[in-house]
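The values are calculated or read from the model by the stated rules, or taken from the named source; none is laboratory data. Owing to the predicted nature of the structure, the values given are computational and were not obtained by experimental measurement. When we count neighbours, we look across all protein chains shown, and the Cβ atoms used for this are built from the backbone with ideal geometry, even at glycine. Quick note on the areas: whole protein, heavy atoms, side chains included, nothing else; ligands and nucleic acids left out. Shrake-Rupley method; radii C 1.70, N 1.55, O 1.52, S 1.80 Å.
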Amino acid sequence: DYPSAITVLCFFLIVVATGTVGTLCYVYDGIDLETALGLTACMLNNVGLAFRMAGPEYSCAFLSDFGTVVACLEMLFGRLEYYAMLAVLVPAFWRQDS
């Protein structure tokens, strides 16, 4: 039915947008595109090590402070629910109506 299809589409677009923004943040930080894509997929899906610089023979020790913060945020979004994390980030969530 129509409302559930819209909900699934919104969730899909949120996941794609989060992955795109995370990848662009890593590329902005000076990491090559393949490693950035692998890191983003790794962090959002909580699946272990990625490709190239973060591959099985290496670690994520090369990440800068900015890259570490991006990784932490991606892991929060991936481990917790996207909607729950977005609700916490919306100011209306914290407003008290009395």
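Residue-wise HN-Hα couplings along the range 48-54, as the Karplus relation 6.51 cos²θ - 1.76 cosθ + 1.60 with θ = phi - 60° gives them from phi, are x, 6, 9, 10, 6, 5, 10 Hz; Gly and Pro carry x. Using a Gaussian network for the chain with springs between C-alpha atoms less than 10 Å apart, which of these wobbles most: A41, A17, A71? Between A41, A17, A71, it is A17 that shows the largest mean-square fluctuation. Loop-located GluC sites (Glu not before Pro) across the range 50-98 with a Cβ neighbour count of 12 or fewer within 10 Å are E57, E81, with loop assigned by DSSP.
Two decimals is fine: what's Rg over Rh for the chain, C-alpha atoms, Kirkwood radius as Rh? Before the final figure, lay out each step's value.
Numbers: Rg = 15.7 Å, Rh = 14.7 Å.
A ratio of 1.07.
Filter the trypsin sites (Lys or Arg not before Pro) in the chain to those in DSSP coil with at most 13 other Cβ atoms within 10 Å of their Cβ, and list the result. Can you show the working numbers first?
On the way: sites: R52, R79, R95; in loops: R95.
Passing both the DSSP loop test and the Cβ count: R95.
Judged by the gyration tensor of its Cα atoms, with axes a ≥ b ≥ c, the range 20-59 is oblate; a/c meets the 1.5 cut and b/c is at least as large as a/b.
Cα gyration tensor of the range 34-91, axes a ≥ b ≥ c as square roots of the eigenvalues: rounded (a/c below 1.5), prolate (a/b > b/c) or oblate?
On the way: a/c = 3.13, a/b = 1.97, b/c = 1.58.
Prolate is the answer for the range 34-91, as a/c is 1.5 or above and a/b outweighs b/c.
What the chain shows is 69 Å² of accessible area per residue, with the surface traced by a 1.4 Å probe over protein heavy atoms. Shown for the chain: the carbon plus sulfur share of the solvent-accessible area, taken with all protein chains present and a 1.4 angstrom probe, equals 70%. Considering only M53, M85, M43, the mean-square fluctuation computed in a Gaussian network model of the chain, springs between alpha carbons under 10 angstrom, is largest for M85. Considering only alpha-carbon pairs that sit under 8 angstrom and 6 or more positions apart, the relative contact order computed for the chain is 24 percent.
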